[in-house]
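The values are calculated or read from the model by the stated rules, or taken from the named source; none is laboratory data. In this text, all values refer to a predicted model and were calculated from it rather than measured experimentally. We place every Cβ from the backbone using ideal geometry, glycine too, and count neighbours over all the protein chains shown.
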Amino acid sequence: MDADAKTSMVGAHRGGSMMVVLKVLSAFSSRNINLTKLEVINNNDGGGGGAAGTPVMILDTNARGAPTLRAFPHVLYVDCEGASHDPRVLDAIKEIERFAVFVRVLGCYAADSNVYDLQ
């Protein structure tokens with residue numbers, strides 16, 4: 001696996017967020033892929049940028065026909081180590097696609113391998 005690369009993705013689901021977070025963690029953990037960021041965007045409490053109870057809106061450009069604006073109560077943002085074309089990363093994404101209603105790889109880019117002291 002290319003440790004000098006990172007892949008960013010989003011996934012959306014309609015059910016409870018904790019079970020989905022555990023499934024996402026399992027998809028990467030079972031393949032020994034490190035996550036560098038996992039963010040749950042839950043707008044039930046207004047944390048998604050809108051009023052509480054307002055869904056998180058995602059523009060789905062892969063929809064058949066014209067791009068479609070889709071609403072979700074929960075969205076996950078994930079950064080993982082490895083390139084998007086790596087077989088283990090692809091397998092993890094395929095596993096997530098089995099339970100998430102929307103998955104999109106945002107991109108793959110070079111990762112900074114340095115560890116910085118934040119003091």
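Is there a residue in the stretch 57-72 that is under 21 Å from Glu95 (Cα atoms) and at pLDDT 85 or above?
Yes: one or more hits.
Taking the stretch 76-98 only, how many residues are assigned to a strand (DSSP E or B) and surrounded by fewer than 21 Cβ atoms within 10 Å (Cβ to Cβ)?
2
Contact list please: Cβ distance under 6 Å, first residue in the stretch 94-119 and basic (Lys, Arg), second residue surrounded by 11 or more Cβ atoms within 10 Å (Cβ to Cβ) and at pLDDT 80 or above, pairs at least six apart or on different chains.
Short answer, once both residue conditions are applied: Arg104/Val10.
Report, by residue number, each residue of the stretch 65-93 that is aliphatic (A, V, I, L, M) and either touching a residue at least 60 places away in the same chain (Cβ under 8 Å) or over 20 Å from Thr36 (Cα atoms) (or both).
Correct list: Ala66, Leu69, Ala71, Val75, Leu76, Val78, Ala83, Val89, Ala92, Ile93.
Among residues belonging to the stretch 1-25 that are more than 13 Å from the chain's Cα centre (by Cα) and part of a helix (DSSP H, G or I), point out the one that is modelled with the highest pLDDT.
Here the residue is Met19.
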